[in-house]
Amino acid sequence: MAGIPPGFIYIAGGLSRLVRLLAFAYASSRVLEIVFGKQGPRWLRVSACLLPIPLALACSILYTYLRDKREAARRGAVLAPQVKSRWPGNFDTLLSVARGIRRVHIVFDKYLQEYGPVVNLRIMFEDRILTTEPEHIKAILATQFSSFEKGPMFRDQLNGLLGTGVFNADGEIWKFHRSMTRPFFSKDRISHFDIFEKHAEDVLNQAKARLQEGYPVDFQVLDTGIRGLVC
């Protein structure tokens with residue numbers, strides 16, 4: 001059964017905040033009626049309806065930033081450097097990433113070279129942190145995995161590419177897949193990577209040739225135990 005598209009989940013999550021803002025705006029207009037005994041001047045009514053929304057958003061953004069900064073200081077850490085932007089919400093950064101979507105790694109490399117191995121893109125007032133630090137990646141994928149849950153939206157978006165394997169799972173499912181893959185990374189299995197290197201290189205060459213012809217690539221599972229049976 002197909003899951004709910006992640007876009008709907010994201011929109012639904014924001015609806016509750018929007019409803020609260022609209023309710024606050026309506027309450028403000030009602031307060032004006034009580035204070036003035038009528039609706040009050042038009043400019044004041046418009047201000048009462050419009051100002052609470054950006055004001056509440058600004059307060060929420062400031063509160064989140066101060067909370068994160070205080071929590072980082074409590075743990076003896078610092079916040080990741082943010083990409084400097086000329087537009088609110090780093091909208092120009094978002095446009096830069098969108099324009100280079102076919103070569104998005106090059107766009108990200110530019111920011112990593114400028115700000116260091118850890119950088120916060122801070123897209124639309126939400127943290128989007130990139131890291132190339134090996135110790136961070138080790139913590140995210142292994143030693144502190146439970147602190148970096150992927151969540152339902154991430155899993156749904158990458159389900160078609162990664163399925164429910166170790167790179168797209170949380171909780172007990174992740175523990176199961178990790179226990180299954182751990183033996184393949186032992187010292188006596190390192191020599192087996194020669195097999196994967198040979199076939200991976202062939203796969204990449206075949207995929208490149210196929211894509212240049214304008215056709216999609218269909219991936220299928222191949223067990224290394226029966227590789228000799230495949231012509």
Exclusive hit being free of Cβ contacts under 8 Å to residues at least 60 places away in the same chain and more than 19 Å from the chain's Cα centre (by Cα), set ALA72, ALA80:
ALA72
Checking GLY214 against (1) surrounded by fewer than 10 Cβ atoms within 10 Å (Cβ to Cβ); (2) under 18 Å from LEU141 (Cα atoms); (3) small (Gly, Ala, Ser); (4) at pLDDT 80 or above, which test does it fail?
(2)
Among the residues in the range 117-124, are any more than 26 Å from ILE61 (Cα to Cα) and either more than 16 Å from the chain's Cα centre (by Cα) or acidic (Asp, Glu) (or both)?
no
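The values are calculated or read from the model by the stated rules, or taken from the named source; none is laboratory data. Computed from a predicted structure; not experimentally measured. Counting neighbours? That spans all protein chains shown, and the Cβs are built from the backbone with ideal geometry, glycine included.
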